[in-house]
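Written below as structure tokens is the structure these notes are about.
Nothing in this text is a laboratory measurement; each read-out follows from the coordinates by a stated rule. For clarity, every value in this text was computed on a predicted model and none was experimentally measured. We place every Cβ from the backbone using ideal geometry, glycine too, and count neighbours over all the protein chains shown.
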Amino acid sequence: MILLLIFLLVDPVEFGNYLFERGEYRDAIIEYRRAIFIGHPDTIRILLNIGRTYFKLEEYKEVRETLQKMNSDTANAIIVLSYFCEKLLDSAKIFIQKIKSKELKDNLLSEEESLKKLKYRKPILAGLLSAILPGLGRVYADRPGDACFGFIFTVSTGFGAYHYFRENNLYFAIPMGVATLLFYLGDVYGSVASTKIYNETLYNKKLGEILRAYTELLEPE
Amino acid sequence: MKCSIFICSLLTSSLNLNFYVNQNLLVSAIPASKLTKPNRKKNPSNAKIGKGEKVSHYPFYFLFTKLITGSIKVYRVLISSHQPDVCNFVPSCSHFGYEAISKYGIKGILMTFDRLERCNYFAWFVAGKYYSVIYDSVRGYKLYDPVDRYK
């Protein structure tokens, strides 16, 4: 009976915040939902906290489903950040326009602009460069060390294949030729993949800076 | 406050436990005849082929990939096990190749050759930027480079 009383007396929102701080996000959501279920008066605060918890869990669709109907500046800002995390910048812009606070709106607009203006590299160009000269695409993808090795592997096996073909030694020439082709194609593929990873790293770095700037917005109240 | 929170957490966990127990009881109460049976029919030949499934639908393709993954296995058992650990990455290049070819087929071969080109000393210069460093109790410090990143 006493335990039940304690259970009822503890504020579920406070307990949810405690679980949030401990990193037990799923349990925190259960507590917040329990608070709504028992008719806690501070519904807006609870819904914001649920949104924040889903944000921590990287479930951005849930974040939007929870906060979309609230139409408050904080909720919209969190939705914008969730769109940033999913690289949906155009959708983010729609929600930035809904923010009433001028300062927050301008800040988020400038962040959105900065994410758009990042100097991304083109994967197709990297593939083409590697097709022209093995390793060149990797230099473009900011991996000069790999570029050297790509070049050495392709050229050395190619030279070996050429050498054995001239000597009419097909037992060595054919495997060498196949290896050359595979190293060449692998280099082209790797250049494209490395460029995509470069772009992803660039975006994530900037996104990390933005999220650090808005830490207060993502902490539970 | 802390004590009450602890008691509260105990209560919630016990409630959750009860919930699971009741769920299990409910499942066991349903007669076996009413439970849905798994579909054991073979996929039709014109079924939509997913990325992971295509290997099993074309016999020659299947044999080809099996041959390559089998040769990687032979390499791992006969050669790699007698060599010192020289690969910079986790999973190692041979493991990466095995996984990539099993998952992606022909594309996996290109991924493997790309990985062989990337497995060099210079990879450590971009550690932290493109690769995270992890500690393996057996193999020591290695660069983490999973297959799915390059798909």
Checklist entry - In whole Å, what is the distance between the alpha-carbon centres of the range A:143-182 and the range B:91-130? => result 19
Item to check | Cut-off 15 Å (backbone N to label point 7 Å along Cα→Cβ of B:Lys129), residues of the range A:132-148 | outcome: A:138-148
Checklist entry - Can you give the relative contact order of the range A:26-105 as a percent, counting alpha carbon pairs under 8 Å and 6+ residues apart? => result 20
Checklist outcome for this item: Sorting B:Tyr121, B:Ser71, B:His82 by the position of each Cα along the dipole of the range B:66-151 (Lys, Arg +1; Asp, Glu -1; all at Cβ), the one nearest the positive end of that ordering is B:Ser71
Checklist entry - By the gyration tensor of its Cα atoms, with a ≥ b ≥ c the square roots of the eigenvalues, what is the shape of the range A:47-103: rounded for a/c under 1.5, prolate for a/b over b/c, or oblate? => result oblate
Checklist entry - Over 21 Å between Cα atoms, which of A:Lys61/A:Lys87; A:Lys56/A:Lys122; A:Lys116/A:Lys206; A:Lys116/A:Lys196; A:Lys100/A:Lys205 qualify? => result A:Lys56/A:Lys122; A:Lys100/A:Lys205
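So what is the 222 nm mean residue ellipticity for chain A from helices alone, if each DSSP H run of at least 4 adds -39500 (n - 2.57) and you divide by all residues, rounding to the nearest 500 deg cm²/dmol? Could the numbers behind the result be given before it?
Working: 12 runs with 174 residues, N = 221.
One gets -25500 deg cm²/dmol as the mean residue ellipticity at 222 nm.
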Checklist entry - Of A:Pro220, A:Ala35, A:Thr157, which is farthest on the positive side of the dipole of chain A, counting Cα position, with +1 on Lys and Arg Cβ, -1 on Asp and Glu Cβ, and the Cα centre as origin? => result A:Thr157
Next on the checklist: Based on the alpha-carbon set only, what is the convex hull volume of the range B:105-151 divided per residue, in Å³?
Outcome noted: 86
Checklist outcome for this item: Counting as exposed only trypsin sites (Lys or Arg not before Pro) in DSSP loop states with no more than 14 other Cβ atoms inside 10 Å, the longest exposed-site-free span of chain A is A:120-221
Checklist entry - What is the magnitude of the charge dipole of chain A about its Cα centre, with +1 placed on the Cβ of each Lys and Arg, -1 on the Cβ of each Asp and Glu, and no other charges, expressed in debye to the nearest 20? => result 760
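Restricting to DSSP loop positions (anything but H, G, I, E, B) with no more than 16 other Cβ atoms inside 10 Å of their own Cβ, which chymotrypsin sites (Phe, Trp or Tyr not before Pro) remain in the range A:113-202? The partial results should precede the final answer.
Values: sites: A:Tyr120, A:Tyr140, A:Phe149, A:Phe151, A:Phe153, A:Phe159, A:Tyr162, A:Tyr164, A:Phe165, A:Tyr171, A:Phe172, A:Phe183, A:Tyr184, A:Tyr189, A:Tyr198; in loops: A:Tyr120.
Here the chymotrypsin sites (Phe, Trp or Tyr not before Pro) that fit, given the DSSP loop and packing criteria, are A:Tyr120.
When a/c is below 1.5 the answer is rounded, else prolate if a/b is larger than b/c, else oblate, so apply that to the range B:60-151 with a ≥ b ≥ c taken from the square roots of the Cα gyration tensor eigenvalues.
Numbers: a/c = 2.42, a/b = 1.44, b/c = 1.68.
Oblate.
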Checklist entry - For q = 0.13 Å⁻¹, what log10 I(q)/I(0) does chain A give under the Debye formula with an equal point scatterer on each alpha carbon and no solvent? => result -0.81
